[in-house]
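Working notes for the structure below.
The values are calculated or read from the model by the stated rules, or taken from the named source; none is laboratory data. The structure displayed is predicted, hence computed values, not measured ones. As a convention, Cβ positions derive from the backbone with ideal geometry for all residues, glycine included, and neighbour counts pool all protein chains shown.
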Amino acid sequence: MSENGSPPAEGSRKEIAARSEWLERLLNGEAPLAPIARTLGIRLAAGEPGRVTVEMDAAGHLANPMGTVHGGVLCDIADLAMGMSYASLLAPGETFTTLELKINFLRPARQGTIRAGAGLLKTGRTVGLAECRLLTAQGDLIAHATSTCMTLRGAQARGR
């Protein structure tokens, strides 16, 4: 793992093992998730390099005026899952930023468990594309999101 907490990049067996260790530490609760995850009660359900599943229990405090889960909360859980899947392939000293986030809301989300499974569709040296499917506990598709991410290196990555 790098000094800034990001996992190592693709490459040697040692680097691949370190990426898996980073995700394993998150899964075991030995490393903290992002503060927004704690605020919203999002937990890591599964992870491997390039693929992450998170979930949360949606309750009334996350509702919009119509009584369904607020769209911004759905964006947050999708953004977290896609960002973690992208971050799981970064090299030591690299960070990233989201260039674009798009979400299609397909059905209202009500109280209960929401599962967000994210993976990478394409990665390049600097830009990558991730996608996320948000599902109910019964497996019904709530929303589909995509995110364009940009890897930051050197001076751009410092302090992030």
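A few points about this structure:
- ASP57 being touching a residue at least 12 places away in the same chain (Cβ under 8 Å) and part of a helix (DSSP H, G or I): no
- Some residue of segment 14-34 being modelled with pLDDT of 95 or more, more than 11 Å from the chain's Cα centre (by Cα) and either surrounded by fewer than 20 Cβ atoms within 10 Å (Cβ to Cβ) or assigned to a loop (DSSP other than H, G, I, E, B) (or both): no
- Out of GLY128, GLY119, GLY154, sole residue that is more than 19 Å from THR53 (Cβ to Cβ) and small (Gly, Ala, Ser): GLY154
- Qualifying residue in segment 93-100 (condition: assigned to a strand (DSSP E or B), among the hydrophobic types (A, V, I, L, M, F, W, C), surrounded by 19 or more Cβ atoms within 10 Å (Cβ to Cβ) and at pLDDT below 95): yes
- Residues satisfying the stated conditions in segment 60-75, i.e. farther than 29 Å from GLY128 by Cα and outside any helix (DSSP H, G or I): ALA63, ASN64, PRO65, MET66, GLY67, THR68
- On the stretch given as segment 104-148, residues that are surrounded by 18 or more Cβ atoms within 10 Å (Cβ to Cβ) and under 28 Å from LEU89 (Cα atoms) total 17.
- Residues in segment 118-143 that are within 17 Å of PRO108 (Cα to Cα), in contact with a strand residue (DSSP E or B) (Cβ under 8 Å, 6 or more places away or on another chain) and outside any strand (DSSP E or B): ALA137 alone.
- When residues of segment 37-54 are limited to those that are assigned to a strand (DSSP E or B) and small (Gly, Ala, Ser), the one surrounded by the fewest Cβ atoms within 10 Å (Cβ to Cβ): ALA46
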